[in-house]
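What follows is one structure encoded as structure tokens, with my remarks underneath.
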Amino acid sequence: METVLLATRNAGKIRELGAMLAPYGVKVVGLDAHPDVPEVEETGATFAENALLKARHAAARTGLPSVADDSGLEVDILKGAPGVYSARFSDDWTSLPGESRDARNIRKLLHVMEGHREPESRACRFVCAIAAVRPDDGSLEVSGRWEGRVLDVPRGTNGFGYDPVFLDPELGRTAAELSQEEKNARSHRGKALRGLMSRWETFARGSSLGG
Ligand code: IMP
């Protein structure tokens, strides 16, 4: 197994997985290297379904072992929303002048949670699912979670997405107040990636590890 396709155009993610798989003699390429692979619609009801959908699609189109991820924020009091819709959560809202999609998502989240002030009612978690699919359709699924609380006022400038309103209660800091290293050590994505690495050799050797 030499080249692995990561089904994303996000250069940061490609670099990250590339560095992790380099010791296994694997080269990671992204979808930019395969412009013939069309984007697949993320129609899954769960992060795991979406990750598997994207990895299967990429493997089927290219014949390469393929990896894909899907992630987002689940808020208990919102019955798991925004969940798989995290990136698109506020697409039904109009941006304020100069407002980014991330900032608009946060504005909508804080709005729908306005009536829930007590810390216990603001429990949430980031979830990341990663799927790997071999050309013989053998697959591997891993996931990671990061428990937190939705703050009512954004704090910090690092990171992306919902980071400024995601409080890690153990640290007393938001994800946007952590360095990249600190975030990797605790995050849903860091945990899922470490899970992937711990099972990679068996997966690459060819035994199918579903579930
Ligand atoms: P994707 O799976 O990388 O496309 O992320 C989906 C969406 O979930 C992002 O657009 C963010 O809104 C949210 N999200 C996922 N992971 C994080 C994170 O680590 N911090 C903040 N937001 C995140």
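The values are calculated or read from the model by the stated rules, or taken from the named source; none is laboratory data. Since the structure is predicted, the reported quantities are computational estimates derived from the model, not experimental observations. Please note: Cβ atoms are built from the backbone with ideal geometry, for glycine as well, and neighbour counts cover all protein chains shown. Remember, those area values only see protein heavy atoms, side chains included, never the ligands or the DNA or RNA. Shrake-Rupley method; radii C 1.70, N 1.55, O 1.52, S 1.80 Å.
Computed over Cα pairs, the Kirkwood radius of region 1-55 leads via Stokes-Einstein (1.306 mPa s, 10 °C) to a diffusion coefficient of 132 µm² per second. In order along region 134-142, the phi-based Karplus estimate (6.51 cos²θ - 1.76 cosθ + 1.60, θ = phi - 60°) of 3J(HN,Hα) comes to 8, x, 7, 6, x, 9, 9, 10, 9 Hz; Gly and Pro are listed as x. Shown here for region 43-120: chymotrypsin sites (Phe, Trp or Tyr not before Pro) in loop regions (DSSP other than H, G, I, E, B) with at most 16 other Cβ atoms within 10 Å, namely W93. For the chain, the solvent-accessible area with a 1.4 angstrom probe is 49 square angstrom per residue. Note that region 69-78 has calculated 3J(HN,Hα) couplings of 10, 8, 8, x, 10, 10, 10, 4, 5, 9 Hz, one per residue in order, obtained from phi through the Karplus relation 6.51 cos²θ - 1.76 cosθ + 1.60 (θ = phi - 60°); glycine and proline are x. When the charge dipole of the chain is built from unit charges on Cβ atoms (+1 for Lys and Arg, -1 for Asp and Glu) and taken about the Cα centre, the candidate among L78, F203, N50 whose Cα reaches farthest toward its positive end is F203.
Among the chymotrypsin sites (Phe, Trp or Tyr not before Pro) within region 95-170, those in coil by DSSP and having at most 16 neighbouring Cβ atoms inside 10 Å are F160.
Could you work out the Kirkwood radius for region 3-205, taking every pair of different alpha carbons, averaging 1/r and inverting it, reported in Å? If you can, show how the numbers build up before the last one.
Details: mean 1/r = 0.0564 Å⁻¹.
Computed over region 3-205, the radius equals 17.7 Å.
Across the accessible surface of region 26-163, with the other protein chains kept in place and a 1.4 Å probe, carbon and sulfur atoms take up 53 percent.
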